[in-house]
Each structure stands twice: as structure tokens, then as C-alpha cells.
Amino acid sequence: MTATRSLRSRLSWSATAVVALWVALVTVGANVLLAGALGRQADGMLRVRAEAVAATVQLDAQGQVQVVDSRDDTALDVGTWIFAADGTTVEAPPASPAELDRQASALAARAQAVRSADAGRPARARLLALPVRDARGRIATVVTSTALAPYDEVARLAGIGSAALGVLLLVVVHLVLRANVARALRPVRQMTAQAGRWSADQVDRRFGDDPRPVELDELARTLDEVLDRLAAVLRHERLLSDELSHELRTPLARIQAEVDLLHERPREPAEQARALDAVDHAAGSMRDILETLMATARSANGAAPGRCAVGEVMVPLLRCTAGARPELRTAVDVPSNLMVGVDAAVLERMTAPLLENAVRYAEGQIRVAASRRGAVVRLVVGDDGPWIPEDHRERVFEPGWRGNADDEHDGAGLGLALARRLAAAAGAQISVVPVARGCWFAVDLPGG
């Protein structure tokens, strides 16, 4: 990305543009005020001169305008005109340009009160007309003038100086803004780079609640949330891998066992056919497990589609699972027409760990029952084995947790965790039923 498109450049240039507008307004305003002040200063000086000259003007006995001589008459005559009431010129400055005389006469003719005007030719000058009155009315008009060249020079120098000062100020402001923006954005770059490194090899690191400015604190919380989501995704992937290995272990062991037996000795055609059926059944189980887990993992909204009859899934599954302990009694109380809004494969993978747990710990009986409660179907799987203490009823669903590490069970403690995950993905819920004897699990399923 080029520098002109960087955030630092955009911020510094936009702030400089605002400052430039402000400096331009201040400079123009200051120069306008200076011009007005110079004009008022010139008018004040001209009025003082005009009043001094007006004090020497009077009417003689014949009613003619005459000027009383004074010691400063020469100084007063510089740039000064005296016009009678009828517009005739009584006095005019020596060597005055004709055009300036004409402009002075025109100003005197229309001046009913003190009035000033600028003359553009032959040289810029400012004129001020002061009517002279006595008891009989206006008897004359005094017009004084002064060259505007000194005032224009002051205004020009002030304009150049203010423009140069404004440009210098803008350069300094821009450099300071650019440096401050870079300094302000440096922690942002550092935090994003740090978050990138953490996401690669230290996903458990966080910025935490260390003191920092409010804006950076919001960024830190956002980055921590991103890292939390990334960590959750990684945990999900690891958990999915663990669940796959856990679920595939049993059918894979069956396949390996049948293959080992085929290698050890020749087998009769009937035995070989049974072995092939067992391998085929185990391979089908592995395929179903993979499809179920991957479909659940890829589900965008976590809901497993489909519906099935509870009895058609649970009866064969119970028969197959309880085959490991033929001495156990089994009882099934599931209405034949009871439907749930869960796919058959998902329901099987969801309840298989519950049945395996019941077969493992039951002392003599396993029971499966289901009933509808409004829009929810409750499926209960229980046994008459050891009961689960109250403080362990949630921990049994934690991945890898074992209530008794010396129970000679070779599982990894992932079955119930997988069952709860699949239940949550299907919109169901698994919980431990508090009973005085045995271990009972309740699965609340959406009705079909």
C-alpha cells in the first residue's frame, strides 16, 4: 500500500487541511482588519488636518471665503483643497495633478458631512471632505488627501508575512501530526503483529486487562475475542480428532482381529463368510461414524436434519451392545410409533456411548424407555450399577475425565463428551437423572 493511501497519511493530511482552512480564514480576517485599521488611521490623520485648515477659513465683509494665514500654513497646504460653497476653488495644493483636483472637487460637491473616498489615478490616494459651517450654513468645504502607497506597502508586507507564517505553520503542524499519528498507531501495529504471532504458535496467549488507553483497550479485547474463537476452533478440531479415534477404535479392532485370524490358520468357507460379514459390518460402522461426525462438524447451524423412529434405532443398538455381556437382562419400553426429529445415524451415535456405559457398569439389568412430553421426547437409558455422585453429574461429560482411574476400563473418557456434543448439534440435551440406585441418563430430543 502506498504512503498516500496509508491511514497515517490520510489522518495527517486531513487534519492539515482543516488547519490550513483555519489558518486561511484567520489570515484573511487579520488582513481585512489591518486594512480597515489603516483606513481609519488615514481618515483620522486627514480629519485632523482638515479641521486645522477649517479653523483658518472664514467669510470676509463681502461674503467671500478667505483663509487666515498661520505659521503652519505651508504644512497645512500640502494635499489640501478649499472649495467655496458654490464649488469654486479657493486654494489647491501646488503641482497637484488635474485628475486629482477633479476628484477632490467632485467629493466636495457631494459632501454634506465628513466623507472620505479613494482616488485611483494618477496615484492611489485617500481623500476626506469636511464641510465648514457658520451660523449662516455651509460656507466652504475642505478636502485633504494623503498618498496610500505607505499604507499599501504595510498591507502588502503584512499579507506576505502572514502567508509565509501560515505556510510555515502548516509545514510544522503537518510534521507534528504525522509524527503523533505514527506514534499513536505504533501500538496498533505492535498489537496486531503480536496477535499474528500468537495465532501461529501461542494461541493461549492474551493481552488481558493491562492498563492502556481506551481505544487500545477496545482493540485488545477484540483481538482477545478473535484469539478465543481461534482457540475454540483448534480445540474443536482436536476434539473431533479425538472423537474420531475413539469411535473408530472398536470397529477397527474387529477388522484387525478377523484379519489376524485369517492369517493364523485356514478357515472353513462358512467361517470365512462369517468373518467377511464381520469385516463388512465393522467397515460399515466406520463409514457411518465418519459420515455422522463429519456431517455434524460441517453443519452451519449445528442442527442435524432428518427424523426417525426411536424403537427402530434403539432395539437393534441395544441388542448389539448388550451382546458383550449376554448374562444381562434388557428391558425396552419404547412406543413403536414414537418419532423424533433427529437422523437415525445421529441418534445411534448419540446413544451408543450411553448404552456402552450401561453395559460396562450394570450389575444385572439395562433399561431403555422413551415417552413424549409435549414437543419433547425423553429417552432414558439406565442400569442398576453404581450411582453417580451429585458433584460428578456434570464432570462425566468432560472429555478425558474418569471417575475411577483404576476401574480397568481402557477407554479414553470421550464417549459421553461426544454424546453431549452430538446432542447439542441435533438440538437435544443429555443429562444425568438423579436416582438413588444405578446410573440413569436422560436424552431430551425434539419430537418428530
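The values are calculated or read from the model by the stated rules, or taken from the named source; none is laboratory data. Remember, it's a predicted structure, so these values are computed and weren't measured experimentally. So basically every Cβ, Gly included, is an ideal-geometry build from the backbone, and we count neighbours across all protein chains shown. All accessible areas refer to the heavy atoms of the entire protein, side chains included, with ligands and DNA or RNA removed. Shrake-Rupley method; radii C 1.70, N 1.55, O 1.52, S 1.80 Å.
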Write out, first by first residue and then by second, each pair whose Cβ atoms fall under 9 Å of each other, whose residues are 6+ apart or on separate chains, and whose first residue, in the stretch 150-172, is farther than 17 Å from L25 by Cα while the second is open to solvent by less than 70 Å² (accessible area, probe 1.4 Å) and not in a helix (DSSP H, G or I). Y151/R126
Does the stretch 196-203 contain any residue that is surrounded by fewer than 14 Cβ atoms within 10 Å (Cβ to Cβ), without any contact (Cβ under 8 Å) to a residue 12 or more places away in the chain and in a loop (DSSP other than H, G, I, E, B)? yes
Going by the conditions given, is A123 open to solvent by 70 Å² or more (accessible area, probe 1.4 Å), among the small types (G, A, S) and at pLDDT below 80? no
Is it true that V279 is surrounded by 14 or more Cβ atoms within 10 Å (Cβ to Cβ), among the hydrophobic types (A, V, I, L, M, F, W, C), at pLDDT 75 or above and within 30 Å of W22 (Cβ to Cβ)? no
Every listed condition ((1) open to solvent by 30 Å² or more (accessible area, probe 1.4 Å); (2) at pLDDT 80 or above; (3) among the polar types (S, T, N, Q)) holds for T351 save (1)
Whether any residue in the stretch 376-392 is at pLDDT below 60 and of a type outside the set (A, V, I, L, M, F, W, C) is what I want to check. no
With E247, E237 as the choices, which residue is of a type in the set (D, E), at pLDDT below 70 and surrounded by 14 or more Cβ atoms within 10 Å (Cβ to Cβ)? E247
Consider R402 carefully, then state whether it is within 46 Å of the chain's Cα centre (by Cα), at pLDDT below 80 and open to solvent by 50 Å² or more (accessible area, probe 1.4 Å). yes
Residue check: is L177 within 45 Å of the chain's Cα centre (by Cα) and either surrounded by fewer than 17 Cβ atoms within 10 Å (Cβ to Cβ) or charged (D, E, K, R) (or both)? no
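For (1) at pLDDT 75 or above; (2) among the hydroxyl-bearing types (S, T, Y); (3) under 12 Å from L128 (Cβ atoms), each residue gets a yes or a no:
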residue	(1), (2), (3)
A42	yes, no, yes
T56	yes, yes, no
A61	no, no, no
D69	no, no, no
A75	no, no, no
T80	yes, yes, yes
Scan the stretch 80-103 for residues that are assigned to a loop (DSSP other than H, G, I, E, B) and surrounded by fewer than 13 Cβ atoms within 10 Å (Cβ to Cβ) and report the count. 5
Filtered residues of the stretch 104-120 (kept if at pLDDT 80 or above, buried (at least 17 other Cβ atoms within 10 Å of the Cβ) and among the hydrophobic types (A, V, I, L, M, F, W, C)): A104, L107, A108
Restricting to the stretch 135-170, name every residue that is outside any helix (DSSP H, G or I) and open to solvent by less than 60 Å² (accessible area, probe 1.4 Å). G137, I139, A140, T141, V142, V143, T144, S145, T146, A147, L148
Report whether or not L416 is modelled with pLDDT of 80 or more and in contact with a strand residue (DSSP E or B) (Cβ under 7 Å, 6 or more places away or on another chain). no
Under 7 Å by Cβ, and 6 or more places apart or on different chains, what pairs join a residue from the stretch 405-429 that is in a helix (DSSP H, G or I) with one that is open to solvent by 40 Å² or more (accessible area, probe 1.4 Å) and modelled with pLDDT of 60 or more? G415/E356; A417/E398; A417/P399; A423/Q429
